[in-house]
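Peer 1: Sharing a structure with you now.
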Amino acid sequence: MFNSENPKQLAQVALVVLLIVGCLAVLWPMIGAVLFAFVVWICTWPAYSEKLLPRLGGRDTLGATLMTLLLVLIMLLPTVFLAGSLAHGVDKLIALVKPYVEQGMPLDPPAWLSGLPFFGGEIQAFWHNIASNRDELNALVKQLGGPARQFALALGGIAANGLLQLALVLFVVFFLYRDGAKVSNALKVGAHKLGGELGEEMLEKTRGTVIGVMLGIVGTAAAQGAVATIGFLIAGVPAAMLLGFATFFLSMIPIGPPLIWGGAAAWLYAQDQTGWAIFMVLYGLFVISSIDNFVKPVLIARGAGISILLIGLGVLGGVLVFGFIGIFLGPVLLALGHMLFGRWTREEDPA
């Protein structure tokens, strides 16, 4: 047992605590990427170890390389493609707005803009005031220029940080695949030493919850991206594939997909295609968004084996506390707490 009066034991405990704190301090700036790498590894390890690795004759380095390259194709390349397409879209938007800033705006706004219900009259009056007064236009440009520049810089910083984090995830997950058997065995041994049968059960519950959340989020995102692309193609929206990719990525955000299909509907309305605009709104509400509202909770709960209420609370609270990685950490923590509470309140069977 620990003896607080033994200087040697005190020194050993202090050294261990300092070592743990030092390790956490070193890893803390990268903790999100490291944890997400573990999430990816946990979800893909059974398929890798049972299907791919045996076909490669158990060559860990080759298998880890192939698996990492596959993840690059799945995760990194679409992100780079989307970032490049967004940058191209920003350039086109600047080219569209620049003549109005340099040469002045027409006195009357587009008919679809002034014809908007409830707000059309106010928009037309504001437009006419700006278009007829060069000083007002210059003041508006200066007023909007600063926030727009800051937003663009912030967006670029987020995109660059996201690509860097994703590259770090791929770097870490390569070593997890290469040494996966050792890591898996170490986790099992550690869980057994810490909690015995309970520790092993908690480890299995963690794995099931992570896989369930990953299945729900990625599966729902893929489904939303696919059906959104189909809808964009049917309605004749340009860059349908790009918008489908954007829907896939933004499905992680609750209001993400409506921004995409809502923008597509607004573009159709601006092109005097009112029927297709109505179709896009209805398709977005009852097809694209319904997947997120109904399919995601069912997929997550089925894979994780816990209630939809805990899943919803875990995802929301996890994002607020931990950021993006909280999507996975929140439900895992609540699932483990629910399991411990259930074991604690379970009545013992009479002997």
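Peer 1: Work through the residues other than residue 190 whose Cβ is under 13 Å from its Cβ and net out their charges, Lys, Arg +1 and Asp, Glu -1.
Peer 2: Taking every other residue near residue 190 into account, the sum is +2.
Peer 1: For the stretch 196-345, treating each Cα as an identical point scatterer without solvent, what Debye log10 I(q)/I(0) comes out at q = 0.09, 0.20 1/Å?
Peer 2: Log10 I(q)/I(0), no solvent term: -0.35, -1.07.
Peer 1: To the nearest 0.05, how large is the calculated FRET efficiency for residue 340 and residue 150 if R₀ is 41 Å and r is the Cβ-Cβ distance?
Peer 2: 0.35
Every number here is computed from the coordinates shown, using simple stated rules; none is lab data. The shown structure was predicted, so the numbers you read here are calculated from the model rather than taken from an experiment. When we count neighbours, we look across all protein chains shown, and the Cβ atoms used for this are built from the backbone with ideal geometry, even at glycine.
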